[in-house]
1. Excluding the sites themselves, what is the longest stretch of the chain that contains no trypsin sites (Lys or Arg not before Pro) in a DSSP loop with at most 16 other C-beta atoms within 10 Å?
2. Cα gyration tensor of the chain, axes a ≥ b ≥ c as square roots of the eigenvalues: rounded (a/c below 1.5), prolate (a/b > b/c) or oblate?
3. Return the FRET efficiency for the residue pair L287, S217: r is the Cβ-Cβ distance, R0 is 30 Å, and the value is rounded to the nearest 0.05.
4. Using the structure shown, list the pairs from K122/K196; K122/K299; K196/K308; K164/K196; K234/K308 with a Cα-Cα distance above 20 Å, or answer none.
5. Identify which of S109, S92, S310 has the largest mean-square fluctuation in a Gaussian network model of the chain, with springs joining Cα atoms closer than 10 Å.
6. Enter the per residue convex hull volume of the range 1-153, computed from alpha-carbon coordinates, in Å³ rounded to the nearest integer.
7. Using r as the Cβ-Cβ distance of L243 and A71, and R0 as 45 Å, what FRET efficiency do you calculate, to the nearest 0.05?
8. Ignoring everything except DSSP H segments at least 4 long, calculate the 222 nm mean residue ellipticity for the chain; use -39,500 (n - 2.57) per segment, divide by total residues, nearest 500.
Amino acid sequence: MVVVNWNRKDLLRACLRSLARQTGVTLEIIVVDNGSTDGSSDLAEHEFHARVIRNPDNRGFCAANNQGIAAARGEFIALLNNDAEAEPGWLSALHRACSQRPDIGMAASKVLVWEDPQRIDKVGHLIFADGQNRGRGSGALDRGQYDREEEVLWPDGSAALYRKEMLDRIGGFDEDFFAYGDDAELGLRARIAGWKCIYTPEAVVRHHRGSTLGKSSVRRLELIERNRLLLALKLFPWSLLWLNPIYFAARLVAGMVAAGQGIGDTVHFPGLRGKWAMAVALVRGDLGALRLAPRMLRKRAAIQRIRKLSPAEVRRLILANRLSLREVA
């Protein structure tokens, strides 16, 4: 059980309390602390007796999770964000679901919005054809429409279970991503390697949305934009990659329409100054992706060693689990 932490001591305390209440499983708790200055790591070690890995600075979500994964000794490795709280049966439900078949390498949770638990944060993931991805069901009222156990594209890294055998074969998180979109890259890479993901509604978590950097953070927006391009460069079939600018333009137009209606992510960047900040963040993200493009293309070539799905099968998988323009806007 790995929890990555960067400050947010009170959130971490609530997270670890929820893990202490887990039933039906034996777990070790590993907290990887990214240079917190608020006493978080001491809290984890002394109050909850967690195994703590202390980093001198913020190494990001990906590197810290990889440290925790390397230190973990279990057959399955669960991840829980420090801003999430799990119901007592969460981990046992994920373990049961992931243990059903040997080809299931990932299990996804029913993640609800902490501030409004009648509303869904995510129940697995969907993706747009330009690489942008977000939670399935995000923002919808929970009316039981996602109360069936079923295969999904991949889990959200805020509350997920991974089979250690799978991670040993395909590798962990890509540390070039730092944060945001990293779970999508790992999930799609796992699917390309032939692994499946199961969603179970019995694994319930409540999550504070956007608490790490905040929804209005331009740095968050920059990383999301950069990483959706890195994901596409590394993993998308060429037949989709060539069309990326067209899909991206369509998404921008849909976003502008949503902004005119006062909905969508643009509401977190009000006024002309806010829209300019968004535009600058997108450009910075694109430039960051351009700088890393040669490295991603080298990693793309290395994917052939683990590939089980053909490019045509990957294209069908992506398009079968795609976000609509309305959803992505």
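1. 216-306
2. Numbers: a/c = 1.41, a/b = 1.23, b/c = 1.14.
In terms of gyration-tensor shape, rounded.
3. 0.95
4. Table pairs above 20 Å Cα-Cα are K122/K299.
5. S310
6. In the range 1-153, the Cα convex hull volume per residue is 133 Å³.
7. Values: r = 41 Å, r/R0 = 0.92.
Here the calculated transfer efficiency is 0.65.
8. -13000 deg cm²/dmol
Only the coordinates and a few stated rules stand behind these numbers; no lab work does. From a predicted model like this one, the values you see are computed outputs, not experimental measurements. Cβ: placed from backbone, ideal geometry, glycine included. Neighbour counts: every protein chain shown.
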